[in-house]
Structures are given as structure tokens and as C-alpha cells.
Amino acid sequence: MSKYGLKKEIVGTAAEYIVNVSEGIDQIIEFFQSGREDIATRMMIDLIEGIEWLTQAIDGTRDIHGEYAMDVSQINSALHEISEAYENMDYVLLSDLLEYELLPVINVWRKQLAGIKGVLDNDNAEE
């Protein structure tokens, strides 16, 4: 498989995976809001690992994004605030940050990745 084909596959995987990340964030928010901090905090570990993988996938495929140039740096401030709230065990703030800071960025990325995937799926370039 060519480098282009590999990057195209990574974008496809990321476009599918980000749906799980978005749904996972919704579940974590629900658990925090219903007082199930034990489950929510365990799920946070997987969420952070998932976001880390997504940012690497987006960065590593940047050259084939075309008109859908994605900026992974926009998530850094949200992640920093989330980290502080997590360390301080401020679960109300953490839930709010997930809902109002992180989820909107993830949803924008979700649309962008779907757009990139759509363009790449219609591209007949050599894989």
C-alpha cells in the first residue's frame, strides 16, 4: 500500500472512530451529572487516549486534507482545563468543560473528517 493509501485508510478509521469518541463524551457527561463519578473517571482514561490517537491521525494525514484543513491545536486549551478540573476532582466543572468546550470541537472534527473521507473515497488516485 502506498503512503497515500495508508493515509486514506487512517482518515477513514478516524472518521469512524470519532463517532465513538463523541458518544463516549456524551456518556461521561451523563455519568458525571447523575453522580456516577466512579464510572465517568474510568471512562476519562479511554477518552484521553482516544483524543491523543485522533490528534496524531489528523496531524499525520494533514497533507491530504485538501480544503478541510484541520487545526488540532484548538483542542489544547480545552484539554488543559479538563486536566486541571480532573486533578481537582471538580466533577461539575469537568462535566461542563466536556459538554461546552470539548464536545463542540469534536463535533466540528467529526464533520471535517467525514468531508475529507468523502472526498478521498471519490478520489481515484493510486493507493
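Rule-based calculations on the coordinates, nothing more; no lab input. Because the structure is predicted, anything quoted here is derived from the model rather than measured. Cβ coordinates were reconstructed from backbone atoms using ideal geometry, including for glycine residues, and neighbour counts include every protein chain displayed.
Points to keep in mind about this one:
- Residue in segment 2-18 that is surrounded by fewer than 16 Cβ atoms within 10 Å (Cβ to Cβ), more than 14 Å from the chain's Cα centre (by Cα) and among the aliphatic types (A, V, I, L, M) present: yes
- PHE31 passes every criterion in (1) among the aromatic types (Phe, Trp, Tyr); (2) without any contact (Cβ under 8 Å) to a residue 40 or more places away in the chain; (3) within 15 Å of ASN107 (Cα to Cα) apart from (3).
- Candidate set: segment 19-60, residues that are among the acidic types (Asp, Glu) and over 11 Å from the mean Cα position of the chain (by Cα); chosen: the one farthest from GLU87 (Cα to Cα): ASP59
- The numbered conditions (1) among the hydroxyl-bearing types (Ser, Thr, Tyr); (2) in contact with a helix residue (DSSP H, G or I) (Cβ under 8 Å, 6 or more places away or on another chain); (3) closer than 18 Å to PRO104 by Cβ are all true for THR61 except (3).
- Taken together, the residues in segment 64-88 that are small (Gly, Ala, Ser) and in contact with a helix residue (DSSP H, G or I) (Cβ under 7 Å, 6 or more places away or on another chain) amount to 3.
Let's see how each residue does on (1) crowded, with 16+ Cβ neighbours inside 10 Å; (2) in contact (Cβ under 8 Å) with a residue 60 or more places away in the chain; (3) closer than 19 Å to GLY115 by Cα; (4) aromatic (Phe, Trp, Tyr):
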{"position": "ASN20", "(1), (2), (3), (4)": "no, no, yes, no"}
{"position": "GLY35", "(1), (2), (3), (4)": "no, no, no, no"}
{"position": "MET44", "(1), (2), (3), (4)": "yes, no, no, no"}
{"position": "GLY50", "(1), (2), (3), (4)": "yes, no, no, no"}
{"position": "ASP59", "(1), (2), (3), (4)": "no, no, yes, no"}
{"position": "ASN76", "(1), (2), (3), (4)": "no, no, no, no"}
{"position": "LEU79", "(1), (2), (3), (4)": "yes, no, no, no"}
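- Filter result (over 21 Å from ASP71 (Cβ atoms), assigned to a helix (DSSP H, G or I) and either among the aromatic types (Phe, Trp, Tyr) or touching a helix residue (DSSP H, G or I) at 6+ places or on another chain (Cβ under 9 Å) (or both)) within segment 1-15: TYR4
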